[in-house]
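The values are calculated or read from the model by the stated rules, or taken from the named source; none is laboratory data. Predicted, not measured: the structure shown is a model, and the values here were computed from it. Cβ coordinates were reconstructed from backbone atoms using ideal geometry, including for glycine residues, and neighbour counts include every protein chain displayed. Areas reflect the complete protein model, heavy atoms only, side chains present, ligands, DNA and RNA absent. Shrake-Rupley method; radii C 1.70, N 1.55, O 1.52, S 1.80 Å.
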Protein chains: 2
Amino acid sequence: MAQSDTVDRILDAAEELFAERGFSETSLRMITSKAKVNLAAVNYHFGSKNALIHAVFARFLTPYSATLESAFDQLEAECQGGEPPSLNRILWALTESAVRMPQRNERGISIFMRLLGLAYTQSQGHLRKFLEEEYSQPFGRFMSLLKEATPELSAVDRYWRIQFMLGATAFTMSSSDALIGILETKIGVETSVQEIAARLVPFLAAGMKAPEKLQMPPLGSDIELA
Amino acid sequence: MAQSDTVDRILDAAEELFAERGFSETSLRMITSKAKVNLAAVNYHFGSKNALIHAVFARFLTPYSATLESAFDQLEAECQGGEPPSLNRILWALTESAVRMPQRNERGISIFMRLLGLAYTQSQGHLRKFLEEEYSQPFGRFMSLLKEATPELSAVDRYWRIQFMLGATAFTMSSSDALIGILETKIGVETSVQEIAARLVPFLAAGMKAPEKLQMPPLGSDIELA
DNA sequence: GTACGTTTCAAACATACGTTTGAAACGTAA
DNA sequence: TTACGTTTCAAACGTATGTTTGAAACGTAC
């Protein structure tokens with residue numbers, strides 16, 4: 001083990017603990033003791049705790065972002081000249097690319113989904129900044145594909161509906177383990193992350209294509225709602 | 001100020017800081033210095049930081065839960081005998097009840113939405129337990145109303161779609177301030193929390209009523225998607 | 001085998017946290 | 001005024017955190 005596996009052991013432990021407990025709630029001592037390495041190893045190999053957090057994301061996100069780019073390439077190639085890619089296809093490209101990730105079993109993917117959810121929710125200014133700087137390109141491409149697929153939406157409507165999609169996805173995937181467990185004990189049905197995605201995609205697509213926004217009845221009135 | 005206003009000053013400061021920064025990232029020293037009270041006041045009046053967190057939620061949630069119950073009562077009364085309340089009406093009852101909350105301006109509501117989102121996202125075991133124990137009844141009622149409004153869904157489908165709804169709502173509301181800000185600088189449009197709700201409700205309703213779940217194509221295949 | 005760059009390790013460092021303490025200040029009723 | 005329960009306050013406590021340190025161990029090339 002020339003370039004010792006200490007680095008990977010730390011990344012593995014950190015990834016799991018961050019996903020379980022969040023960033024601030026996970027101490028370097030928890031990480032190093034789970035990884036069975038010395039406490040100082042994190043600062044030696046990564047420099048700081050924040051840099052470790054970035055490294056955890058980069059290890060997954062960099063190859064994922066590459067996979068995603070080529071999936072988008074293929075999507076656009078298939079549809080050149082004709083009508084733009086449908087909403088379902090765009091959304092599915094995201095999840096398909098995740099599933100195709102090498103070196104990542106299903107559990108690895110669900111862990112990472114939770115991390116992405118946390119990244120968006122916990123303030124952690126440095127993280128948001130890091131992600132925006134490093135991965136703005138595939139995100140921007142996803143946005144413009146979405147725009148082509150929903151030309152009927154106003155910019156404002158599209159903006160909010162994209163936030164709703166992000167929320168439903170990040171939230172569900174971030175708790176997918178727990179939610180799968182609850183469903184199994186309550187109804188006795190086993191579910192995979194892919195199956196969740198297969199249910200999520202049409203939900204999101206339908207939401208994006210939903211009719212006009214609701215008229216808000218004035219406070220205290222009893223106007224009938226559709 | 002017989003029962004000094006220290007308690008309320010602490011609650012106000014804590015509410016805002018928790019919403020801005022999350023629970024673990026907000027220290028008692030930040031809270032007490034923002035509230036301009038002594039550090040020891042929190043432990044004197046509330047007992048512990050966790051108890052303070054509970055108190056922040058209880059101050060909003062207890063009256064809200066009462067308002068919600070009566071909204072559900074009214075909803076069921078209107079529809080007795082006939083068809084059950086529609087999805088849109090159920091969802092709208094939630095947001096309408098929030099808006100009706102006395103002593104809460106719009107900013108107060110948006111702060112609290114963010115807190116609810118954080119409560120669901122940050123692990124914070126004690127908080128989830130507290131909320132489940134204190135407010136299980138209105139939640140259970142909401143669930144059974146949802147069941148009546150979507151009889152066409154299987155239990156499994158309904159389970160997952162409820163999670164999607166919770167996610168979109170919690171996530172969006174938890175970042176509503178930031179998202180409104182972004183939209184304002186990018187497109188120059190001002191938005192209120194009520195307007196977000198007015199866009200969210202039809203999105204959710206459409207998602208709940210979406211057609212069948214997607215067939216997942218085998219890995220690596222190039223099967224066409226609808 | 002010796003020298004040297006890299007990695008590990010135990011220990012300590014400075015700092016921030018939630019909480020506790022005991023005395024001072026306050027308000028009120030006798 | 002006196003006495004007493006309540007509230008405030010500065011200070012300290014114990015603990016946990018991220019980070020740094022300097023020596024030891026390791027691996028490799030000469």
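Take the stretch A:54-81 and flag every residue that is within 13 Å of residue A:98 (Cα to Cα) and among the polar types (S, T, N, Q). Once the filter is applied, which keeps residues that are within 13 Å of residue A:98 (Cα to Cα) and among the polar types (S, T, N, Q), the stretch A:54-81 yields A:62, A:65, A:67, A:70.
Which helices (runs of 4 or more DSSP H) sit wholly inside the stretch A:22-106 and have at least 2 residues that are within 16 Å of DNA strand D (Cβ to nearest atom) and surrounded by fewer than 19 Cβ atoms within 10 Å (Cβ to Cβ)? Step through it out loud before you land on a result.
Details: elements: A:28-35, A:40-45, A:49-78, A:87-100.
Passing ranges, in order: A:28-35, A:40-45, A:49-78.
Counting only residues that are touching a residue at least 60 places away in the same chain (Cβ under 8 Å) and either within 17 Å of the chain's Cα centre (by Cα) or on the phi > 0 side of the Ramachandran plot (or both), how many does the stretch A:136-145 have?
Restricting attention to the stretch A:136-145, the residues satisfying the condition of being touching a residue at least 60 places away in the same chain (Cβ under 8 Å) are A:137-138, A:141-142, A:145.
If we keep only those that are either within 17 Å of the chain's Cα centre (by Cα) or on the phi > 0 side of the Ramachandran plot (or both) as well, we get A:137-138, A:141-142.
Total meeting the criteria: 4.
State whether the residues of the stretch B:162-180 include one that is over 16 Å from the mean Cα position of the chain (by Cα) and more than 12 Å from chain A (Cβ to nearest Cβ). No, the conditions are met nowhere in the stretch B:162-180.
Mind counting the residues in the stretch A:123-181 that are touching a Pro at 6+ places or on another chain (Cβ under 7 Å) and within 30 Å of residue B:156 (Cβ to Cβ)? Steps first, please.
Restricting attention to the stretch A:123-181, the residues satisfying the condition of being touching a Pro at 6+ places or on another chain (Cβ under 7 Å) are A:145, A:148-149.
The next check asks that each one be within 30 Å of residue B:156 (Cβ to Cβ); those that pass are A:149.
Total satisfying the criteria: 1.
Please verify whether residue B:133 is of a type outside the set (Gly, Ala, Ser), in a loop (DSSP other than H, G, I, E, B) and either surrounded by fewer than 21 Cβ atoms within 10 Å (Cβ to Cβ) or in contact (Cβ under 8 Å) with a residue 40 or more places away in the chain (or both), treating the condition exactly as stated. Before you say what the answer is, go through the steps one by one.
Working: of a type outside the set (Gly, Ala, Ser): yes; in a loop (DSSP other than H, G, I, E, B): no; either surrounded by fewer than 21 Cβ atoms within 10 Å (Cβ to Cβ) or in contact (Cβ under 8 Å) with a residue 40 or more places away in the chain (or both): yes.
No; evaluated as a whole, the condition is false for this residue.
Exactly one residue among A:167, A:181, A:140 is open to solvent by 10 Å² or more (accessible area, probe 1.4 Å) and either at pLDDT below 90 or among the β-branched types (Val, Ile, Thr) (or both), and that residue is A:181. Here residue A:175 fulfils each of the conditions (1) crowded, with 17+ Cβ neighbours inside 10 Å; (2) in contact with a helix residue (DSSP H, G or I) (Cβ under 6 Å, 6 or more places away or on another chain) apart from (2).
Any residue that is outside the structural domain of residue B:125 (by TED's automatic domain parsing), more than 23 Å from residue B:104 (Cα to Cα) and either within 8 Å of DNA strand C (Cβ to nearest atom) or at pLDDT below 95 (or both) - is there at least one of those in the stretch B:9-25? Yes, the conditions are met somewhere in the stretch B:9-25. When A:165, A:113 are screened for being among the aliphatic types (A, V, I, L, M), part of a helix (DSSP H, G or I) and either free of Cβ contacts under 8 Å to residues at least 24 places away in the same chain or closer than 18 Å to residue A:206 by Cβ (or both), only A:165 passes. Could you please find all residues in the stretch B:95-149 being within 13 Å of chain A (Cβ to nearest Cβ) and aliphatic (A, V, I, L, M)? Within the stretch B:95-149, B:98, B:99, B:101, B:109, B:113, B:115, B:116, B:118, B:119, B:127, B:143, B:149 qualify. Within this structure, residue B:14 fails the test of being within 13 Å of chain A (Cβ to nearest Cβ), among the small types (Gly, Ala, Ser), touching a residue at least 40 places away in the same chain (Cβ under 8 Å) and within 20 Å of residue B:130 (Cβ to Cβ).
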